[in-house]
Structures are given as C-alpha cells and as structure tokens.
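The values are calculated or read from the model by the stated rules, or taken from the named source; none is laboratory data. Predicted model, so just to flag it, every value in this text is computed and none were measured. Note that we place each Cβ from the backbone using ideal geometry, even for glycine, and neighbour counts take in every protein chain shown. These area figures cover heavy atoms from the full protein model, side chains too; ligands, DNA and RNA do not enter into them. Shrake-Rupley method; radii C 1.70, N 1.55, O 1.52, S 1.80 Å.
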Amino acid sequence: MAVRKEGDVLQSTDSPTVLKKEMTWKDAFWLASGVPALVLFSIGAIAATVGNLSWLVWTVSILIGLTQAFLFAEIAGMYPNKSGGASVYGAMAWVKYSKVLSAISIWSNWIAWTPVLALGTKLASGFVLTTFFPTAAITTWGFTLLDLGFIRPDLTVRFDFAFVLALAFLFIVYAIQNLGAVNAARIQRIIAVIALIPLLIVGIVPLFTQGINVENIIPSLPTGISWDEAGWTLLFGGLFLAAWSTYAFETSICYTSEFKDPKKDTVKAIMFSGLLCLAVFTIVPFSFQNALGLAGLLDPDIASGMGVGTAMAKMVGGGVVIGTIIVLLLILSTILSIMTSMGGSSRTLYQGSVDGWLPKFMSRVNNNGAPTGAMWTNLVFNIILLSLSDYTFILAISNVNYIILNFFNLSSGWIHRVDRPNWPRPFRVPTWLIGINGVLAFVNVAFLGLGAIVWGPGTLISGLVVSLFIIPVFLYRHYVTDKGQFPENAAGDELDATHYKKKAGILPYVAVVAAIGIIIVTSQIAVFNP
C-alpha cells in the first residue's frame, strides 16, 4: 500500500478519508472568490436598516475582518495537516479546557456557512423569476406544507416553483464540487472572472457617470431615529449582519491540508482574498448608496433582496438588454458564492469528523478528493432550509453562530500563544495584534447582543439554541462511538509532548463568562422599534 508523508504523519494514499495535496494558494483564492458576491445577500437589508450609514457599516466591517485575518493565518499555519477553516485550528486551543466548547466552535462554523447554499440558490432563482418571468402565473404558484408561526410570525414550510429552481442550482453546484478542489477551482476561476465583472461595473461606472451625490452618502440614521439606544441598536444591527459577509474570506484557509506548501500558501490565500473583499465591500455599497439615496435604500424590494439586481442594472444606465446581461452576471455571482460555501463548509464537516467531533460518515472522500459524505450532509440540510419562507431569519440565525465562532477563534489566538509559545509558526503576527484581536472577540459579542434584535425578537435565543444542537451529537460520537478517546493525532499534535503547557489557567473560562455577561447586558439595553 502506497503512503505519503504529511508533516510528521504517514498516511495511506488509498485511504478513503484523505484529501489530496494538489492545491496552491491561487486555487484557494478562486475557491474563496465567491465571498465578494455575499454583498448581494444583505446589501438591501442593511441599507434598509441603517440608511445612509450603510456604506460606513460595510467599510468598518471589512476592516475588522482584515484585522482578524492576520490571526487566522497564524493559527492555520500551526496545523498544516488539517483542513476545515479557522474553527478547527481555534478548537485545538480550547480542547484542553473544554471539549464541548471546541465542538460548539466547529459546529457554529458550519451553521454559519452552510445556509449560503439555500440563501444563494433562493436569491439566484428570485433573480431568474423577477427578470424573465415577472408576470407568469408559475411565479406565484405554491402551497404551504407547515405553519411555524410559533417560532416566528409568518414562518412557514412552503413548496413553490422558486424552490424547484433553487434545487436545480443546488445540484449543479454539488456536481461541480464533486470533481475535487482543484477541478472546482478551475471552474470557479472562469466563473469568477465573469461574475465579478458586474460587481465592479456597478461599483465604479456610476461614480463616473453620475458623480458623487454628497447628500446621499453623508452618514445619518433612517428618518425618525436619533443617537440614542434605538440608534445604536440599529448601527450594531448593521455591523452584526455585515460581519457574516465581510469576515467570510477566512474560508480561503479551509483547504490548508490540501495545499502543496501549506506554510506559504495559507498566508497568501487569506491575504489576497482579503484584498479582493476590501475592494468590493467598500466600493459596491458606497456606489449603491450614492446612486439610490435614502429613499431608494428603504424600498421594500431592496430590503428583500429581490430588487437589488434591477436596481444595479439601472445604476449603470443600460436599457433592457444591458439590464438583462447585468442580472445574468449577478446570477453567476450568487452561484459563485454557493460554490464557495459548499467547498468550505464541507471541509469543516470533514475535518470535524476526522478529528472526532462529528459522525464518522462525514469523513468519506471520493476518488477526486472531494468530501462526499460532508457534501451530502450539506445538500440535505439546505433542501430543508430552502423550504422555509423567511430567509432573512435564516441569515440572522446563521450569523449568531458566526459571531460565536469568531469569539472562540479570536480568543484562541492568545490561548495558543500562552500554551504553545514555541510551536513552529510559519506566519507570526505581532503580540499587540493578538491583543487587538482578543478585544475584537468581545466587540463582536457586543454586535451580537445589541444588534441581533434588529432581525427579529427571537433571533438571539434561536441562534444560541441552534449552537447547542452539537452537544448530543458530539457526546454520542466521543463517548459511544470512540469510547471517550479522540482519533489518533486528532485532538492534539505530537508537538504537544514537548511544546505544550497548560498555562492559561482560568482565563479561557473567564473570557467565556465575560462574553455571556456582555450578551446579557447588551441584549437588555437594545431598543428596536420596527
């Protein structure tokens, strides 16, 4: 049986649970190139919520995301034989203090990412229906299967033509990802070059053709809201939701164990992805707001997301033909983001399974090196999400878990430094930046506590409850399937024998208690009047 060496670990090339080491940072960059398109998912909702503060919210949020990226690059470099993203590397810091908290971190990462599949395919189907079949009877056909109003008002399980169309998009993305990371990256490179064009056109062209409308971009809250508790709640609500998109380029390090040279490729992948996102998340929202103004931002079709494509087409001053082309390219953009989500979230499930956090069947890999067990889990879960009527609520629940994930990941930076100061780090950030990111962990928690209510009174509690779903799953895997032992070399590393000392003491627990306290306090002072 042939074997290959990965770091200090010999693994069989015939193993059904080994990902192939065929990628470069450029492949990961293209696989993460769908992140900029996430601006389409919430640009309308954020604009309708914070008004003329919208472009400022996006700019602040992407700058926070870039600051965090440096830390994620460091902890990813510590584990070159693992994939799955920052949550996997962060969980290695927490596992010595709490297995359950580590499991929640990995689970919250998946919950944060996987709904992009449902949200993206739904958005793409909406663009198709509103653009090409605006008056067709089939667009209004559908029926309710189940009323879930006890969870959230007007929440239902529905079956309609938008669901069928979204399902078709979902299976197309699955088929592409099933080809393996390198082949998927090649396809995504082609789509990205084409699909990112409309975002750049919409971001740049109107600024030259229409100029700067100063009254449209002066930061101010929506009409009738002042800088009191309600005003700050709206601002934090915008920052809370924007984080789901602007921080997301960290998905580029989901492929660490698949890099040919993980020590170099990991840093390049996340940094170049971050620069792309910096450009898109600053220019596009600014141009969008500059062209539409407050009245346009508060339009219900913009808030729902269905009118974003039409609005962007009008921004470039094109006729029907140009407008149709723009919308087609926007559809490709959303498909690109779906592909990014399928690739990244599947690696999280895969590594979680290999490391003993999640069921074993998720570690199955096909001959192309694609984690098919995890991909099928993603597929089935998102078919269920597609049937739900309220997609903004799904996005908000997803982001509650994303903030939880970020708290654990950002805190893991200083825990790793304290407990593993001498571990090899191909990329090492300055200590002061570790401290800043430690503070940002609590800033993100404040976004959660103060801003989640903007997206519904049950958002915070529902998101926290969803984060706990992993506990029985992990306990069964760990104590029943694995008899209380982690798989070999999963929950630690051979370097622990010589370089690890548990020196953080009670500080990780203090950090968790402080985060819970911030959530309680900020959620109590939040004021939102829908």
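What the table below lists for this structure:
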| item | result |
| --- | --- |
| Number of positions in the stretch 429-442 that are β-branched (V, I, T) and open to solvent by less than 50 Å² (accessible area, probe 1.4 Å) | 2 |
| Top-ranked residue of the stretch 446-472 - restricted to ones that are open to solvent by less than 50 Å² (accessible area, probe 1.4 Å), of a type in the set (V, I, T) and touching a Leu at 6+ places or on another chain (Cβ under 9 Å), ranked as modelled with the lowest pLDDT | V454 |
| Among (1) touching a residue at least 24 places away in the same chain (Cβ under 8 Å); (2) farther than 30 Å from R425 by Cβ, the one test that G352 misses | (2) |
| Matching residues, the stretch 236-265, being modelled with pLDDT of 80 or more, in contact with a Phe, Trp or Tyr (Cβ under 9 Å, 6 or more places away or on another chain) and open to solvent by 30 Å² or more (accessible area, probe 1.4 Å) | F236, D261, K264 |
| Residue ID - nearest to L101 (Cα to Cα), chosen from residues in the stretch 398-428 that are open to solvent by 20 Å² or more (accessible area, probe 1.4 Å) and in a helix (DSSP H, G or I) | I404 |
| Qualifying residues in the stretch 154-170 (those that are assigned to a helix (DSSP H, G or I) and free of Cβ contacts under 8 Å to residues at least 40 places away in the same chain) - the one nearest to A137 (Cα to Cα) | F161 |
| Any chance E229 is under 29 Å from the mean Cα position of the chain (by Cα) and acidic (D, E) | yes |
| Yes/no for V443 being closer than 20 Å to N409 by Cα, under 25 Å from the mean Cα position of the chain (by Cα) and modelled with pLDDT of 90 or more | yes |
| Failed item, numbered, when E488 is tested on (1) outside any loop (DSSP other than H, G, I, E, B); (2) loosely packed, with under 13 Cβ neighbours inside 10 Å; (3) modelled with pLDDT under 85 | (1) |
| Test for T130: is it out of contact with any strand residue (DSSP E or B) (no Cβ under 6 Å at 6 or more places or on another chain), free of Cβ contacts under 8 Å to residues at least 12 places away in the same chain and among the hydroxyl-bearing types (S, T, Y) | no |
| Residue match in the stretch 354-362 (condition: aliphatic (A, V, I, L, M), buried (at least 21 other Cβ atoms within 10 Å of the Cβ) and not in a helix (DSSP H, G or I)) | yes |
| Residue count, the stretch 276-304 (criterion: under 22 Å from the mean Cα position of the chain (by Cα) and farther than 21 Å from L200 by Cβ) | 2 |
| Y476 being at negative phi and at pLDDT 90 or above | yes |
| Selected residue (criterion: surrounded by the most Cβ atoms within 10 Å (Cβ to Cβ)) from residues of the stretch 84-132 that are over 15 Å from the mean Cα position of the chain (by Cα) and not in a helix (DSSP H, G or I) | V95 |
| Among (1) modelled with pLDDT under 85; (2) open to solvent by less than 10 Å² (accessible area, probe 1.4 Å) - the single one C277 does not satisfy | (1) |
| Test result for P219, open to solvent by 20 Å² or more (accessible area, probe 1.4 Å) and at pLDDT below 80 | yes |
| Qualifying residues in the stretch 177-200 (those that are crowded, with 21+ Cβ neighbours inside 10 Å and among the aliphatic types (A, V, I, L, M)) - the one farthest from G369 (Cα to Cα) | L199 |
| The stretch 474-485, residues that are open to solvent by less than 50 Å² (accessible area, probe 1.4 Å) and either in a helix (DSSP H, G or I) or among the charged types (D, E, K, R) (or both) | F474, R477, H478, D482 |
